[in-house]
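Okay, structure first, notes after.
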Amino acid sequence: MKYSADVLIVGGGIIGCAIAYFLRKQGVDVIILEKGEIGAQASSAAAGLLAPIRPLAQQDPFKALQLAGLARFSSFVKELEAARGINVGYEQTGTLRLLPAEKIGPAKTWAEEWRRIGYDIEVLGPKEASACEPFLYAGVHGALSIADEAQVVPVQLVQAFSQAALNLGARLYPHTEVVALQRAETENRITGVWTAQKELLSCKQLIIAAGAWSARCGTWLGFTIPVRPVRGELLAFQQPSPPIRHIIFDEGIIDEDFYIAPKPNGTLVVGATKAEVGFDTSVSSEGTLHLLKVATQLLPVLAHSSPLRMWAGLRPKTPDSRPLLGPIPSWKNVIIASGHGGFGILLSIITGETIAELVTTWQVPEIIRPFVPKENRINDQ
């Protein structure tokens, strides 16, 4: 075990592994410290959707970051898969976003605006929506078809990033929990971390990428990191025959947080609930019944099936639902990359690239400037 590096990353999920990969591409010596298994928390529990284009949503800095994240996948996946020979399951399946009657008119105007900037978006009537997905419920009013949206298999994506980083010389230490920080005597600078094994690892820069567990690191720094866990529960069903081909979103029919995603292994992933229950990752009967109810209402064919699997993960959420990306105020060498909520997979590549650029230049890339933590950015904790 090596006990020093240019950069220590606390957290071995998709964000930490992506940052490590891009740092190694720049020749930066890096170690990841993960208290459990690499990628075993929210990264592996995610559905892997690359689908940020919400109907009627307006452009803002967060939407711009999401769209940039989506664009990077189509061009970057081949590089990552070639680096370690792992298929990440990238598929541009497109989405079908089911609309209530009152949203169809406004959606036509909105879709035209997005087509003008280059997106492949079409408003479908009832017959067209049913032709796209014959198992949709009777009485569907219409839908938005967005061909640009895609998905990956999260477990395979984390594995590809972690193995590619290792291949370039990064060191990944699972089951190595950070329990304290060592600071310089004369300035606000972190010089190392202490682990639960009572080992000291030294560093020149520290990156906090601990997802829902990031707030604890803030207590060591005397800075509030307002990231809290939000449990999301998911189910998996066997695909019907003929199979569902698109990712299906409910945009106000029953539950606007609901989706159904076809996966390469012949299953449908159904999600997701949202519950603030601390760090509890158990699957609740209430959450399961809710997902079953909505799934069978939108796709009645699923009423004849039973879930193959049920699981839950913890999304790292901030009060304003925007990530924290950049230097921690008052500290000369501490960076945070956390609070991605349900967009960690989508934002993994662009987060890795921009944080690596920040580490090597100490200049904040323009696209993440709105997400740099500030003492007064978030008042609600």
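Residue check: is LEU235 over 17 Å from TYR173 (Cβ atoms) and either in contact with a Phe, Trp or Tyr (Cβ under 7 Å, 6 or more places away or on another chain) or of a type outside the set (Ser, Thr, Tyr) (or both)? Judged against the criteria, LEU235 is a match.
Taking the listed residues SER330, SER338, SER306, the one that is modelled with pLDDT of 95 or more, of a type in the set (S, T, N, Q) and either over 30 Å from PRO240 (Cα atoms) or more than 24 Å from the chain's Cα centre (by Cα) (or both) is SER338, with no other qualifying. Residues in the stretch 220-227 include none that are buried (at least 19 other Cβ atoms within 10 Å of the Cβ) and assigned to a strand (DSSP E or B). Among the residues of the stretch 235-280, the ones that are part of a loop (DSSP other than H, G, I, E, B), touching a residue at least 60 places away in the same chain (Cβ under 8 Å) and β-branched (Val, Ile, Thr) come to 2 in all. Just so you know, in the stretch 41-75 the residues that are polar (S, T, N, Q) and open to solvent by less than 20 Å² (accessible area, probe 1.4 Å) include one that is nearest to ARG97 (Cα to Cα), and it is GLN66. In the set (1) touching a Lys or Arg at 6+ places or on another chain (Cβ under 7 Å); (2) crowded, with 21+ Cβ neighbours inside 10 Å, the condition left unmet by PRO262 is number (2).
One residue alone among PHE62, PHE135, PHE161 is part of a loop (DSSP other than H, G, I, E, B) and modelled with pLDDT of 95 or more, and that residue is PHE135. Which one is nearest to GLY11 (Cα to Cα), of the residues in the stretch 112-142 that are in contact with a Ser or Thr (Cβ under 9 Å, 6 or more places away or on another chain) and among the aliphatic types (A, V, I, L, M)? Once the filter is applied, the top-ranked residue is ILE121. Only residues that are touching a residue at least 24 places away in the same chain (Cβ under 8 Å), open to solvent by 70 Å² or more (accessible area, probe 1.4 Å) and of a type outside the set (Asp, Glu) were counted across the stretch 76-94, and they come to 3.
The values are calculated or read from the model by the stated rules, or taken from the named source; none is laboratory data. Every value quoted in this text rests on a predicted model; they were computed, and no experiment measured them. In this analysis, Cβ positions are derived from the backbone assuming ideal geometry, glycine residues included, and neighbour counts consider all displayed protein chains. Only protein heavy atoms, including side chains, enter the accessible area calculation; ligands, DNA and RNA are left aside. Shrake-Rupley method; radii C 1.70, N 1.55, O 1.52, S 1.80 Å.
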